[in-house]
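Trainee: So that we are looking at the same thing, I have put the structure below in structure tokens.
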Number of protein chains: 4
Amino acid sequence: MAEEVGSLIARRGAALICGGLSGVMEAACKGAKKEGGLTVGVIPTIDKADANPYVDVVIATGMGTARNVIIVRSADAIIAVDGSFGTLSEISHAFEQGKKVVSLGSWDMRKIDVPEDLFYVAESPAEAVELAMKNSKNPGRNSIPF
Amino acid sequence: MAEEVGSLIARRGAALICGGLSGVMEAACKGAKKEGGLTVGVIPTIDKADANPYVDVVIATGMGTARNVIIVRSADAIIAVDGSFGTLSEISHAFEQGKKVVSLGSWDMRKIDVPEDLFYVAESPAEAVELAMKNSKNPGRNSIPF
Amino acid sequence: MAEEVGSLIARRGAALICGGLSGVMEAACKGAKKEGGLTVGVIPTIDKADANPYVDVVIATGMGTARNVIIVRSADAIIAVDGSFGTLSEISHAFEQGKKVVSLGSWDMRKIDVPEDLFYVAESPAEAVELAMKNSKNPGRNSIPF
Amino acid sequence: MAEEVGSLIARRGAALICGGLSGVMEAACKGAKKEGGLTVGVIPTIDKADANPYVDVVIATGMGTARNVIIVRSADAIIAVDGSFGTLSEISHAFEQGKKVVSLGSWDMRKIDVPEDLFYVAESPAEAVELAMKNSKNPGRNSIPF
């Protein structure tokens, strides 16, 4: 699912920014690279080798999970795919910055009364990317959904 | 309610660490100072004058709400009082660091299936501080609940 | 001079990472884009519009000049062009991370006894880029001089 | 020398803020505690146990040496004792924030033409603390020299 999200983002001509490690992050980057997209990995460590092999631009923060805030600050639209508490922190920071989040099999924030216009639940990668693009803060140049 | 939490923390001999600004943070600091406690304010700006007048030690991060991560990393126990998305991000970072959170009129994370042993709901300031102390990562020296 | 450095970096097939704002940073990005290079701007604010128009990938840290550390951590080689105390902090963080710095009209760290193998003084943009490439930590993929 | 600096800071009624680890930092904290002072350690890791035993308030940043910026931002006056490149980065960030630095056997920034009113060289702990206090940004409450 993450791989398909990555591919669709790239096909839209948008860059992909994520945490740069393995799992969902690697799958999304792999999908984006398949379509010739640009991938940015904001990693928690200072060792650029920690980034997955599909990351073009590695930002080595050395800040641990505090780097989640930087990912969200740098993104124009946010898609949460699966994920645990780190993803929950990214969703929270997005809201706190007034940015909308699309959930694809991730935390369901509707259950804790997040305003409806801040949170969307998508049923498929295509719907997720469609919703993210439509609600991007910067639909033009430098549009970097996560 | 926050003021009472601050007072109870101080009476237990623990230091209070919080975001250092106004509102709930100021009330908690005020309560702690009433009881002669030590208060630490980790503020988002670089201007120490932004801290509320009840903060003893001002940590000026200049990192905006990314400072929430530092508060949680520095706390041995976490009490969430009221709060909006910034508080939600602190709760998320706490979970992600394996730290327990006591909610006092704050987000109810039980609704989104957070493991039971990570999240407690308190009905009163006394219960909140009791739960926080019991679940502190460091019940001895340097115990700094939020 | 900064523009020429940017052009030469791009011609070598390397990405340019910098602070993303105006002045030397903008000149370097402009030079890199002239040659079809990739530019990354790690800005101090949370507003991506603060990046100069020649930045492809904007990383919005919201950390103020603490973002200097992230630039240095993410760079494989570092060229300091002109610059004031912010540049001095970047040079210091580079040394502290064991990374070499090439100075082009910037601070002369030889005067305060920095080890010779950590600091080079270049007389021209061409020499600066040559020295940076030769001393890069990662001469292959993802080589991102500053 | 660091221990004496710590003692003198405490005797002046100021809090000591430092990097919280061993070596010079531990000596300074030890000196401050001898005189009943308050010590704050802003550590690079997320593990509060990494702080030296003389630290009262541990701020666990998990940001590595990027925490140097936070120390400088939080200090009202800065004394550099001995030190290597990490200390050099702190001195640089201080200048960049317009804060004065007193050097006690540390880097001699006069050699690279730092403005005279930003940098003092002290010959003894007593002179260092005297100069730091006189040039503090906040000589009253919350004065936290480093």
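Computed from the coordinates by the stated procedures, all read-outs in this text should not be read as laboratory data. What you are looking at is a predicted structure, and each value in this text was computed from that prediction instead of being measured. Every residue, glycine as well, gets a Cβ built from its backbone with ideal geometry; the counts of neighbours run over all protein chains shown.
Trainee: In sequence order, what are the phi-derived ³J(HN,Hα) couplings for segment B:70-77 according to the Karplus relation 6.51 cos²θ - 1.76 cosθ + 1.60 with θ = phi - 60°, rounded to whole Hz, with x for glycine and proline?
Mentor: Calculated HN-Hα couplings, in order: 5, 4, 5, 5, 8, 8, 8, 8 Hz.
Trainee: Can you spot the aspartates and glutamates whose alpha carbon is less than 20 Å from residue C:33's alpha carbon? Ignore those fewer than 8 places along the same chain.
Mentor: Hits, sequence-local ones excluded: A:56, C:3, C:4, C:50, C:56, C:76, C:130.
Trainee: If you take each beta carbon of peptide B:28-41 and count the beta carbons of other chains within 10 angstrom, what is the mean?
Mentor: Average per residue, whole number: 1.
Trainee: With only Lys, Arg, Asp and Glu charged, each at its Cβ (+1 for the first two, -1 for the last two), find how big the charge dipole of chain B is about the Cα centre; round to the nearest 20 debye.
Mentor: With only Lys, Arg, Asp and Glu charged at Cβ, the dipole is about 440 debye.
Trainee: Run through all the Cα pairs of segment A:71-118 and give the fraction in each 5 Å bin from 0, expressed as whole percent.
Mentor: 5, 22, 38, 28, 7, 0
Trainee: Under 19 Å Cα-Cα from residue A:111, which aspartates and glutamates qualify once same-chain neighbours fewer than 8 residues away are excluded?
Mentor: In chain and number order, the partners are A:82, A:90, A:96, A:123, B:82, B:90, B:108, B:113, B:116.
Trainee: Restricting the count to DSSP beta bridges whose residues both fall in the protein assembly as shown, what percent are antiparallel, rounded to a multiple of 5?
Mentor: Looking only at bridges with both residues in the protein assembly as shown, the antiparallel portion is about 0 percent.
Trainee: In Å, what is the Rg of the alpha-carbon atoms in the protein assembly as shown, and how long is Dmax?
Mentor: 23.9, 70
Trainee: Would you pull out the residues with amide H under 5 Å of residue A:77's amide H, same chain only if 5 or more places away, H placed 1.01 Å from N?
Mentor: Hits under the 5 Å cutoff: A:137, A:144, A:146.
Trainee: Give me the distance between the Cα centres of segment A:1-58 and segment B:54-101, rounded to whole Å.
Mentor: For segment A:1-58 versus segment B:54-101, the Cα centre distance is 29 Å.
Trainee: Right, another one. Label-to-label distances across copies for residue B:36, with labels 7 Å out along Cα→Cβ, in nm, shortest first?
Mentor: Copy-to-copy label distances at residue B:36, shortest first: 1.3, 7.4, 7.5 nm.
Trainee: Which whole number gives the average, over all residues in B:68-80, of C-beta atoms from other chains lying within 10 Å of the residue C-beta?
Mentor: Per residue, the average neighbour count from other chains is 5.
Trainee: Per the Cauchy relation, a quarter of the hull surface: what is the mean projected area of the convex hull of the alpha carbons in segment B:2-127, in nm²?
Mentor: 6.8 nm²
Trainee: Have a look at C:48, C:134, C:33 and tell me which one the Gaussian network model of chain C (Cα, springs below 10 Å) gives the largest fluctuation.
Mentor: C:134
Trainee: Report the label-to-label distance for residue C:22 and residue A:22 in nanometres (one decimal), using points 7 Å from each Cα along the Cα→Cβ vector.
Mentor: Rounded to a tenth, the inter-label distance reads 4.7 nm.
Trainee: Going down the table (D:30/D:137; C:100/C:134; A:137/C:34; B:34/D:30; A:48/A:99), which pairs top 18 Å between alpha carbons?
Mentor: Checking Cα-Cα distances, D:30/D:137; A:137/C:34; B:34/D:30; A:48/A:99 exceed 18 Å.
Trainee: Please compute the average number of Cβ atoms from other chains found within 10 Å of each residue's Cβ in peptide D:81-88.
Mentor: 4
Trainee: 5 Å is the cut-off here: which amide hydrogens, built 1.01 Å from N in the peptide plane, fall below it relative to residue A:42, excluding neighbours closer than 5 in sequence?
Mentor: It is A:18, A:19, A:20, A:59, by chain and number.
Trainee: Closest beta-carbon to the D-to-A rotation axis: which chain D residue owns it, and what is the separation in whole Å?
Mentor: Taking the axis that maps D onto A, the answer comes out as D:63, 2.
Trainee: Shifting gears a bit: At 0.36 nm per residue, and after removing the present C-alpha to C-alpha distance, how many nm does the segment from residue D:118 to residue D:84 gain when stretched out fully?
Mentor: Additional length available on full extension: 10.3 nm.
Trainee: List the distances, in nm to one decimal, from the label point of residue B:130 to the label points of the same position in every other copy, shortest first, placing each label point 7 Å from Cα along the Cα-to-Cβ direction.
Mentor: 5.3, 5.7, 7.6
Trainee: Okay, moving on. How many nm separate the modelled label positions at residue B:34 and residue D:137, each set 7 Å beyond the Cα in the direction of the Cβ?
Mentor: 3.3 nm
Trainee: Just the Cα atoms of segment B:23-70, one point each, no solvent: what log10 I(q)/I(0) does Debye give at q = 0.17, 0.28, 0.32 Å⁻¹?
Mentor: After summing over all Cα pairs, the log10 values are -0.45, -1.02, -1.16.
Trainee: Moving to a separate point now. Please work out the FRET efficiency for the pair residue D:130 and residue A:110, using the Cβ-Cβ distance as r and a Förster radius of 51 Å; give the result to the nearest 0.05.
Mentor: It comes to 0.25.
Trainee: Could I ask something else about it? Using θ = phi - 60° and the Karplus form 6.51 cos²θ - 1.76 cosθ + 1.60, what ³J(HN,Hα) does each residue of segment A:112-127 get, whole Hz, x for Gly and Pro?
Mentor: For segment A:112-127, the Karplus curve yields 10, 6, 6, x, 4, 7, 9, 9, 10, 10, 9, 9, 8, x, 4, 5 Hz.
Trainee: In whole Hz, with x marking every Gly and Pro, tabulate ³J(HN,Hα) for segment C:6-18 from phi via Karplus 6.51 cos²θ - 1.76 cosθ + 1.60, θ = phi - 60°.
Mentor: x, 4, 5, 4, 4, 5, 7, x, 9, 8, 9, 10, 8
Trainee: Order these peptides, B:88-95, D:90-97, by their mean beta-carbon neighbour count within 10 angstrom, highest first.
Mentor: B:88-95, D:90-97
Trainee: Next question. Shortest first and in nm to one decimal, what separations exist between residue A:118 and its copies in the other chains, measuring from label points 7 Å along the Cα-to-beta-carbon line?
Mentor: Spelled out, the distances from residue A:118's label point are 2.0, 4.1, 4.5 nm.
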